[in-house]
Amino acid sequence: MLQVIRDRQALHAIPELELELPKTAAYIRKALEGLGCRVFSPTGYAVCAFFDFGADDAIAFRADMDALPIAEQTNLPFASQHPGRMHACGHDGHMATLLELARRLNGKKALPHNVLLIFQPGEESPGGAKAICATGILERCRVKAVFGLHLWPGLAGGVMHTREKELMSHGAELTVDVYGRSSHIGNAAAGIDATAAAVEFYTKVRAAEAALPPEIFRLLNFGKFESGTVRNALSAHAHLEGSLRAFQDDVFDHLLQTLFDVKADVEEKFGCTVQIHLNEGYPAVMNDPALVAKVRRIGDVRLLEKPAMASEDFSEYQRRVPGVFFFLGIGDTPALHATTFNFDEEILLKGADFFEKLAENLQ
């Protein structure tokens, strides 16, 4: 069995959540032992490996480490040993790919740049990239470019995909509560209809989002709407849950302001109270166009027509240095975050091959 597959399976069996990853970090440290790199932890259970080739600057590669609070249903011989936890988003594969890259870097005598490998906790939640960047590690290692990848179902297996600029969105989860006053439906004038107010809120918000030019990638929509308790009484409370996603900060801010402008209009018209709770999530993953052009001259990378409306805290690194994030296609597999998620592990070699080419050839 290839070592990259052994790494993936071993890491798959010990999924850990968020920032508390003692077993995962210990495995990575042990795998890096004896290689020609300096191993250290910039924060908590994060693990970094620095390969010094005597260059003036460095390029960085990042893999996320954390799993999800999901009960695995794959029946794999190396399935999760931690009930209720699973590597259902491919982070075990990301780590295995970077460990394979580390072994390949170990045998090299000279490269155009030094190389920093970052194994990062907390990508799913609460966001580990920001804390790592805050340590100044990118500046101390003189990192000039940063790269990462994510296994991606539905794309051609073993093929790297990316696009210039927008790749993954700035995402915010929305909760909206509308409070009115219940009354018998036969005496509606005595009440404040939370359902009607919520419908107006929904309709106006959706219209404002739809009014933006079609070439602007964005999303503002609701997947859950609940209101009322019985058929013959006005609702005193309506509850909506949805998402706001955009790529440019000004578009995100415009849609956010729209929510609060509509809130004020609805409150004034109906005499109700509207409460909006928003979890802003991570900034958008925006690939550096010049760097995308460079990497496409080095290796085979297909350009995606549209970005993904999902979020990733790799964006925190890109806010400090130019970076490119890639989707490594894994073909027809279960969806990310599915209880049955699995993939062809030999595809990980394609990711390691591509990263090795970047390390050798990026100027």
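The values are calculated or read from the model by the stated rules, or taken from the named source; none is laboratory data. These numbers come from a predicted model, not from an experiment. Virtual Cβ from ideal backbone geometry, glycine too; neighbours counted across all protein chains shown. With ligands, DNA and RNA removed, areas are computed over all heavy atoms of the protein, side chains included. Shrake-Rupley method; radii C 1.70, N 1.55, O 1.52, S 1.80 Å.
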Scattering profile of the stretch 298-363 from the Debye formula, Cα beads only, expressed as log10 I(q)/I(0) at q = 0.15, 0.18, 0.21 Å⁻¹, is -0.68, -0.97, -1.23
Relative contact order (%) - the chain, alpha-carbon pairs under 8 angstrom, separation at least six | 24
Give, rounded to the nearest 20 debye, the magnitude of the charge dipole that the stretch 171-328 has about its Cα centre when Lys and Arg contribute +1 at Cβ and Asp and Glu contribute -1 at Cβ.
-> 400
Within the chain: Cβ-based charge dipole about Cα centre, in debye rounded to nearest 20 (Lys, Arg +1; Asp, Glu -1) | 840
With T = 10 °C, eta = 1.306 mPa s and Kirkwood Rh from C-alpha pairs, the Stokes-Einstein D of the stretch 257-329 in µm²/s is about 101
Which lysines, on any chain, are close to K263 with Cα under 19 Å apart, when same-chain ones fewer than 8 places away are left out?
-> K204, K224
Tell me, what are the semi-axes, in whole angstrom and largest first, of the equivalent ellipsoid of the chain as set by the roots of 5 times the Cα gyration tensor eigenvalues?
-> 44, 23, 18
Would you please name the trypsin sites (Lys or Arg not before Pro) within the stretch 46-136 that are DSSP coil residues with at most 16 other C-beta atoms within 10 Å of their C-beta?
-> K108, K109
Extended-chain gain in nm, criterion 0.36 nm per residue less alpha-carbon gap, Q73 and D332 = 91.5 nm
Per the helix-only calculation at 222 nm, which mean residue ellipticity applies to the chain, given -39500 (n - 2.57) for every DSSP H run of n ≥ 4 and division by its residues, nearest 500 deg cm²/dmol?
-> -9500 deg cm²/dmol
Measure nothing but the geometry: give the 0 to 90° angle between the long axis through the Cα atoms of 194-210 and the longest principal axis through the Cα atoms of the chain, rounded to 10°.
-> 50
Ranked from highest to lowest mean number of other Cβ atoms within 10 Å per residue, what is the order of the peptides 173-184, 226-237?
-> 173-184, 226-237
So if R0 is 22 Å, what FRET efficiency would E241 and R181 give, r being the distance between their Cβ atoms, rounded to the nearest 0.05?
-> 0.45
Of I298, S243, F270, which is farthest along the charge dipole of the stretch 209-308 in the positive direction, counting Lys and Arg as +1 and Asp and Glu as -1 at C-beta?
-> I298
Just order 68-77, 297-306 by mean Cβ neighbour count inside 10 Å, highest at the front, would you?
-> 68-77, 297-306
Averaged per residue, what accessible area in Å² does the stretch 184-268 show with a 1.4 Å probe, protein chains only?
-> 52
Per-pair calculated FRET efficiency, R0 = 35 Å: R29 and K109 via Cβ, rounded to 0.05 | 0.90
Treating only Lys and Arg (+1) and Asp and Glu (-1) as charged, each at its beta carbon, one finds that the stretch 287-363 has a dipole about its Cα centre, in Debye to the nearest 20, of 440
Starting with the highest mean, order 279-292, 260-273 by the number of other Cβ atoms within 10 Å, averaged over the residues of each peptide.
-> 279-292, 260-273
Crossing angle, helix 3-12 versus the chain [Cα axis fit, 0-90 degrees, rounded to tens] | 30
For the pair F225 and T135, the simple spin-label estimate (label points 7 Å beyond Cα toward Cβ) gives in nm 4.8
Could you work out how far helix 289-298 tilts from the main Cα principal axis of the chain, as a 0 to 90 degree angle to the nearest 10?
-> 40
Report the accessible area of M309, computed with a 1.4 Å probe over the heavy atoms of all protein chains in place, in Å² rounded to the nearest 10.
-> 70
Cβ under 10 Å from H12's Cβ, H12 left aside: what net charge do those residues give with Lys, Arg +1 and Asp, Glu -1?
-> -3
Among G54, L19, A31 - extreme Cα towards positive end, dipole of the stretch 1-69, charges at beta-carbon | A31
Gained length - L304 relative to R38, 0.36 nm times residue gap less alpha-carbon distance = 92.1 nm
Return the FRET efficiency for the residue pair R6, T203: r is the Cβ-Cβ distance, R0 is 51 Å, and the value is rounded to the nearest 0.05.
-> 0.40
Where labels lie 7 Å past Cα in the beta-carbon direction, separation of I276 and A290 in nm = 3.7
Which value in Å does the Kirkwood hydrodynamic radius of the stretch 151-263 take, with 1/r averaged over all unlike C-alpha pairs and then inverted?
-> 16.4
Dipole of the chain (Lys/Arg Cβ +1, Asp/Glu Cβ -1, origin at the Cα centre): which of L219, G154, A197 lies farthest to the positive side?
-> G154
Quick one: ranking H113, H337 by accessible area, 1.4 Å probe, largest first, what do you get?
-> H337, H113
